[in-house]
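One structure below.
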Amino acid sequence: MDIATLGGLVGGLALIAWGILANGLGLGPYIDPPSIIIVIGGTFAAFFIAYPLPKALGIGGIYGKSFKNPVNDTATIIAKILELANTARREGLLALEEGAGDIEDAFLKKGVGLIVDGTDPELVKSILDTEMSFISERHSESRGMLDTLGALAPAFGMVGTLIGLVAMLQQLDDPSSIGPSMAVALLTTFYGSLMANMFFIPVSKKLEIRSNEELIIKEIMIEGLLSIQAGENPRIIEEKLKAFLPPKVRESISPTAGAEAGAEG
Amino acid sequence: MDIATLGGLVGGLALIAWGILANGLGLGPYIDPPSIIIVIGGTFAAFFIAYPLPKALGIGGIYGKSFKNPVNDTATIIAKILELANTARREGLLALEEGAGDIEDAFLKKGVGLIVDGTDPELVKSILDTEMSFISERHSESRGMLDTLGALAPAFGMVGTLIGLVAMLQQLDDPSSIGPSMAVALLTTFYGSLMANMFFIPVSKKLEIRSNEELIIKEIMIEGLLSIQAGENPRIIEEKLKAFLPPKVRESISPTAGAEAGAEG
Amino acid sequence: MDIATLGGLVGGLALIAWGILANGLGLGPYIDPPSIIIVIGGTFAAFFIAYPLPKALGIGGIYGKSFKNPVNDTATIIAKILELANTARREGLLALEEGAGDIEDAFLKKGVGLIVDGTDPELVKSILDTEMSFISERHSESRGMLDTLGALAPAFGMVGTLIGLVAMLQQLDDPSSIGPSMAVALLTTFYGSLMANMFFIPVSKKLEIRSNEELIIKEIMIEGLLSIQAGENPRIIEEKLKAFLPPKVRESISPTAGAEAGAEG
Amino acid sequence: MDIATLGGLVGGLALIAWGILANGLGLGPYIDPPSIIIVIGGTFAAFFIAYPLPKALGIGGIYGKSFKNPVNDTATIIAKILELANTARREGLLALEEGAGDIEDAFLKKGVGLIVDGTDPELVKSILDTEMSFISERHSESRGMLDTLGALAPAFGMVGTLIGLVAMLQQLDDPSSIGPSMAVALLTTFYGSLMANMFFIPVSKKLEIRSNEELIIKEIMIEGLLSIQAGENPRIIEEKLKAFLPPKVRESISPTAGAEAGAEG
Amino acid sequence: MDIATLGGLVGGLALIAWGILANGLGLGPYIDPPSIIIVIGGTFAAFFIAYPLPKALGIGGIYGKSFKNPVNDTATIIAKILELANTARREGLLALEEGAGDIEDAFLKKGVGLIVDGTDPELVKSILDTEMSFISERHSESRGMLDTLGALAPAFGMVGTLIGLVAMLQQLDDPSSIGPSMAVALLTTFYGSLMANMFFIPVSKKLEIRSNEELIIKEIMIEGLLSIQAGENPRIIEEKLKAFLPPKVRESISPTAGAEAGAEG
């Protein structure tokens, strides 16, 4: 569970509610079901026009991903690759098959499989690069869906406000209704802005950062796998892979792996 | 028929209509033919300035495409390519001519034709790449037309509102007409927003996604054709082509094709 | 004469005029010479700051181009290149000098001249590529000028409206003048929007499409010239050049040229 | 002196002044020193946060550049390069040292110096390319400063207007002050818009065009210097360099230089 | 301490305060704690949704960086590299180990270490390039966080204003409260604009410029290290590295280093 996503969402909504209550009117005047239906309904109607049905229906799962912590930890993956490199050096590439058993990451597992099969290094690189570029493509498509929602929500908020303003202007003869009518008209813009800036845009941003992290891990895997296949010294592999990490993270993996690699190198 | 496009459009409009009726004024005050003519007319007048006549007139066909399901299915295409690969392996490249008879896709057919003619692999790749890049160009031009419409509609909505506001302000002496006049003035902005966010922008998005899917299929075809021409093992071809697919889709084509390829490999 | 540009412009303005007249006030209140001068004058003053004098003065010619049909027709150019290819095959590269006499396009003529002079193919390609990239550069600079005008016009429309609003607010004590004053203030925004969305932005778009078409023709010429110089079979040249065309257009040039090429191949 | 920049600025401001005077209130109500200070001060305060002090202080010199005509003329530079090419052909590369004496352009002078020193061609190209890419970088940084100012000015215009509106709304009980107070509030938006669209954005545009012209001249110099070093025929050098020019400009340099080159070729 | 950042911030806020006080109402009506909480709280709630917790918490340190002057000075670094080049020429690559002792920059130190270890030049370049591209990546991620805050602040400013407007419109029956209520409603927009344009956007800009400067220094280091490893003449190394500097800065390092290099060359 990614507590930042949940905490930000809950905290943000609580804050908005507190801001509303500070006006002394209660939450009542800020909740207008028809307005909510127009903004959410219009946004998702346009969203279903924009995306093929199977993709559009996947939005829930995509959204849910931002509440989960990422599975892979760079340090663990590098340690695993160095372990594989040591095995390969000691016992040959075929010995990797055994060690591959407990690899959970499908991408790394596939790469090890290709190496064990004796696939040509160029082909290994080409297959894994293609796979990575498609993962990147899928991630950016997912973010694109949230960005589309983030653009549609304020647009339908404005459409709703225009509907309300026209209704209000047609009934100007009753002065006492002007205020409340216009208040209701503004609610759709309020909902649209809030949806975009609290629910869609920040989550798209988080998925972008997660995607970048995941792709760096995939790059580390490819680099590591090719180095293993080329029979490089684990110490040099470690040096290469650590260049992918921010300086602070490097130290956390250095000692043990380095020692192992040193003993083997 | 792409039910998502149609459903989204019908659902969205129904929702907007329901939102309007919720105001208790009926649809009447929201339908103003002169305003409709100004927004649609102005948008399309500028559109015809922006695009050469033959292209501008093709907008209907382009728009219609978003209501149809795409013809090609990746799994079918990969299966077909693997079938061709097996044929070529078993009976030689010339034997492809026969198998090419029932290929519906013009791009794949052309590629097979080039191979059968014994065209140099570099030239095959160059011709198909050029063709693909022009298909991509044409798709993005089509989307550009919808994006242009999506930008012009709100602009002419605003132009219409300014026309209406000026008229209203010139007649401020009759207070009873202010409300309805301003309501009418706002209608063009309402129409422009709705057209852009319901009709043009989401459809442009859908065509973009369709285009991406189609181009991936073309890339698979090129990769497959070149591999066939190079006489590669069908099992390796399958491995390469499957890297273009999302993990879930891979399993759906694996069994039969794999078995065939395995028998031949 | 490009009737779409002219028709769109005339039709669009007629429509706006009709929309104004529908308000029953006549065109009078919508025409305010000082407002027109502020918007057009401010826009072009900033435009002359933005562009060096010789370029800025060329805007008229650039604008006029959007009213003319493009000179080159792809099919004609391909036919001409295939004719040159046949001549070169039959009578040698030097024989092209004669055939070059009736080439109207300066770019193609220059390329044929380079070939006849026995220029090194690499140099031919490099000279023609440089030339093409500068043509592309000049086109995009032209479009940039229209885009700049399209951004400045609404900005000075807003500046004019602010000038008018300040004047109106300073004289609030005369209620009868508020309406007309504010109406006049809004006119500059109306002019700015109309200029941008009817005169500048769509014409920039049209020039972009024309430029793309012209550059494809130039690419076809380069590809064709290099193939002729390399002594390639006209049939293969035809195949290569036709990949640059949309499928429908291909058929229109195929028969005769194909027959000729076939006879020679 | 670039009369277009100065003329556009003076003309544009005169026009705005005329537009203001047409309201019959005089310039007085449009000049509010506190508002001017807020917009200019806020804009430059943020500007000094955004740019390191030495760069921020250089904005005056950058701005001044848009009032000066560019030093280099393409035709003169090409003629100079062809002259150098002829000298090199006739008397050898070392003879260039003498001819380099009267070269004013530091970039060209440096290039000639490198050639005379017998520097390896690859290194000459790499040094000049690096230098050119840094010139381009510095130009775009300069433009970036003007663009930043062009974005900050309207933002602080709006901040000023909000300050004024809040003050006005707090004193609604005095109806006679509402109009003038709101007029003053709007002035900052007016100043911000005018500054951005008259002083910052167009000047950034002009510097962009100047930069492009200067970089093309640098490219011509590099191309010419490398050709001279390679001992190419001046006539071919001329042909190559002229491809960098628009067709019309070409004729202006052709006769004399061509004759010289012809005599030498 | 970067006095421009601090000075701009203090000066800008003082100016805004002065502008407010010029209205004669004091700062009181411009300070509304609930509004401040809504804008800051909403902005940071969305910010915590957008960024993983460890990154989001690092925003303070990132922000603080814009108040510090950069550590590295290009001229010092070039002088240091030339000194290393001279040492390497005189006493061999291994002698660098000693000289590396007083290098403070971790990147340069690592590069020298790799050279001393006799690492293959290709690998040195690949490791340092990877490291540099990740530094660039981290910098742009940091800026991205400030840009996100700069976009969220005005959005939540508008959300706050909508909340206030709805409250005001619901209580229109008390005319005396309309002004102050709407004034308060506008305050959140004021806060959001000020935060974005004074605190977030300019600081992001400054970090961008700092990052560019730092990356140029890293590029100089890589270029210098590879030249040292290749055993190039210090005079040529100096020439190459100086191409990275603006002309004015070049002179400041030329004399001494040049003399040294000259003596050694």
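The values are calculated or read from the model by the stated rules, or taken from the named source; none is laboratory data. The structure displayed is predicted, hence computed values, not measured ones. Here the Cβ is made from the backbone with ideal geometry for all residues, glycine too, and neighbour counts use every protein chain on show. The area values use the complete protein model at the heavy-atom level, side chains included, leaving out ligands, DNA and RNA. Shrake-Rupley method; radii C 1.70, N 1.55, O 1.52, S 1.80 Å.
In a Gaussian network model over chain E where Cα atoms closer than 10 Å are linked, find which of E:Leu94, E:Leu149, E:Leu25 has the largest mean-square fluctuation.
Fluctuation is largest for E:Leu25.
Can you pull the one-decimal nm distance between simple spin-label points at B:Leu53 and D:Asn69, each 7 Å off the Cα toward Cβ?
Rounded to a tenth, the inter-label distance reads 4.6 nm.
Helix A:3-21 against the longest principal axis of chain A: what's the angle in degrees, Cα atoms only, rounded to the nearest 10?
So the inclination is approximately 10 degrees.
Counting only other chains, what is the mean number of Cβ atoms within 10 angstrom of the Cβ of each residue in peptide C:185-193? Numbers along the way, then the final one.
Working: counts 3, 6, 2, 2, 5, 8, 1, 1, 6.
Averaged over the peptide's residues, the number is 4.
How far is helix E:201-229 tilted off the main Cα axis of chain E, in degrees rounded to 10, range 0 to 90?
Relative to chain E, helix E:201-229 is tipped by roughly 10 degrees.
Distances from D:Phe134 to the same residue in each other copy, label points 7 Å out along Cα→Cβ, in nm, shortest first?
Those label-point separations list as 2.8, 2.8, 4.6, 4.6 nm.
Counting only other chains, and only Cβ atoms inside 10 Å, what mean value do you get across the residues of C:237-247? Could the numbers behind the result be given before it?
On the way: counts 0, 0, 6, 4, 1, 3, 10, 5, 2, 4, 7.
Going residue by residue through C:237-247 and averaging, the value is 4.
Once neighbouring chains are kept in place and the probe is 1.4 Å, which whole percent of the accessible area of chain E is contributed by carbon and sulfur? Spell out each step's value before the answer.
Details: 6650 of 10830 Å².
Using a 1.4 Å probe with all protein chains present, chain E comes out at 61 percent carbon and sulfur.
For chains E and D, what's the summed buried accessible area, probe 1.4 Å, to the nearest 100 square angstrom?
Values: alone 14470 and 14480 Å², together 25320 Å².
Buried area (both sides, nearest 100 Å²): 3600 Å².
How far apart, in nm, are the 7 Å Cα→Cβ label points at C:Ser136 and C:Glu104?
Modelled inter-label distance: 2.6 nm.
Under the rule of -39500 (n - 2.57) per DSSP H run of 4 or more residues, summed and divided by the residues of chain C, what mean residue ellipticity at 222 nm is obtained, to the nearest 500 deg cm²/dmol? Don't skip to the end; give the middle numbers.
Details: 12 runs with 208 residues, N = 265.
Dividing the helical sum by the residues of chain C leaves -26500 deg cm²/dmol.
Looking at region B:6-22, which residues lose a minimum of 40 Å² of accessible area between their chain alone and all protein chains in place, measuring with a 1.4 Å probe and not counting ligands or nucleic acids?
By number: B:Leu15, B:Ile16, B:Trp18.
Placing the label point 7 Å from Cα along the Cα-to-Cβ direction, what are the distances from D:Leu25 to the equivalent spots in the other copies, shortest first, in nm to one decimal?
Computed spacing set for this position: 2.0, 2.0, 3.3, 3.3 nm.
Decide, for region D:1-50, between rounded, prolate and oblate: order the square roots of the alpha carbon gyration tensor eigenvalues as a ≥ b ≥ c, take rounded if a/c falls under 1.5, and otherwise choose prolate if a/b is larger than b/c, else oblate.
Working: a/c = 4.34, a/b = 1.21, b/c = 3.60.
Here region D:1-50 falls in the oblate category.
Could you state the accessible area per residue of the protein assembly as shown in Å², with a 1.4 Å probe and every protein chain left in place? Can you show the working numbers first?
Numbers: 54190 Å² over 1325 residues.
Here the per-residue accessible area is 41 Å².
Say we join alpha carbon atoms closer than 10 Å with springs in a Gaussian network model of chain B; which of B:Asp73, B:Asp102, B:Asp129 then has the biggest fluctuation?
In this elastic network of chain B, the residue with the biggest mean-square fluctuation among B:Asp73, B:Asp102, B:Asp129 is B:Asp102.
Which entries of A:Lys206/C:Lys206; A:Lys242/E:Lys65; B:Lys206/E:Lys205; C:Lys218/D:Lys242 have Cα-Cα distances beyond 28 Å here?
On the way: A:Lys206/C:Lys206 39 Å; A:Lys242/E:Lys65 25 Å; B:Lys206/E:Lys205 36 Å; C:Lys218/D:Lys242 18 Å.
From the list (A:Lys206/C:Lys206; A:Lys242/E:Lys65; B:Lys206/E:Lys205; C:Lys218/D:Lys242), the Cα-Cα distance tops 28 Å for A:Lys206/C:Lys206; B:Lys206/E:Lys205.
Can you sort E:Lys240, E:Lys55, B:Lys65 by solvent-accessible area, 1.4 Å probe, largest first? Kindly include the intermediate steps, with their values, before the conclusion.
Working: E:Lys240 25, E:Lys55 55, B:Lys65 105 Å².
Order by accessible area, largest first: B:Lys65, E:Lys55, E:Lys240.
I want to check the label-to-label distance for A:Glu91 and B:Asp129. Put each point 7 Å from Cα in the C-beta direction and report it in nm to one decimal.
So the two model labels end up 4.4 nm from each other.
Check each residue of region B:115-156 and keep those whose accessible area, probe 1.4 Å, is at least 10 Å² smaller with all protein chains in place than in the chain alone; give them in order of residue number.
Residues of region B:115-156 that lose at least 10 Å² of accessible area once the other chains are added: B:Leu123, B:Ile127, B:Thr130, B:Glu131, B:Phe134, B:Glu137, B:Arg138, B:Glu141, B:Thr148, B:Leu152, B:Ala155, B:Phe156.
Once you've got the GNM for chain D with C-alpha springs shorter than 10 Å, pick whichever of D:Ile103, D:Ile81, D:Ile62 has the biggest mean-square fluctuation.
In this elastic network of chain D, the residue with the biggest mean-square fluctuation among D:Ile103, D:Ile81, D:Ile62 is D:Ile103.
How far is D:Glu91 from itself in the other copies, in nm, if each label sits 7 Å out from Cα along the Cα-Cβ line, shortest first?
D:Glu91 label point versus its equivalents elsewhere: 4.8, 4.8, 7.8, 7.8 nm.
So what's the angle, to the nearest 10 degrees on a 0 to 90 scale, between helix A:74-91 and the longest Cα principal axis of chain A?
On a 0 to 90 degree scale, this one is about 20.
Using only the heavy atoms of the protein chains and a 1.4 Å probe, how would B:Leu9, C:Leu93 rank by accessible area, largest first? Please list the in-between numbers first.
Values: B:Leu9 20, C:Leu93 60 Å².
Correct descending sequence by accessible area is C:Leu93, B:Leu9.
Compute the separation of the alpha-carbon centres of region A:105-144 and region C:120-161 and state it in Å as a whole number.
With region A:105-144 and region C:120-161 each reduced to a Cα centre, they are spaced 41 Å.
First check a/c for the protein assembly as shown, with a ≥ b ≥ c the square roots of the eigenvalues of its C-alpha gyration tensor; if it is under 1.5, answer rounded, and if not, answer prolate when a/b is larger than b/c or oblate otherwise.
Working: a/c = 1.31, a/b = 1.31, b/c = 1.00.
Because its axes are fairly even, with a/c under 1.5, the protein assembly as shown counts as rounded.
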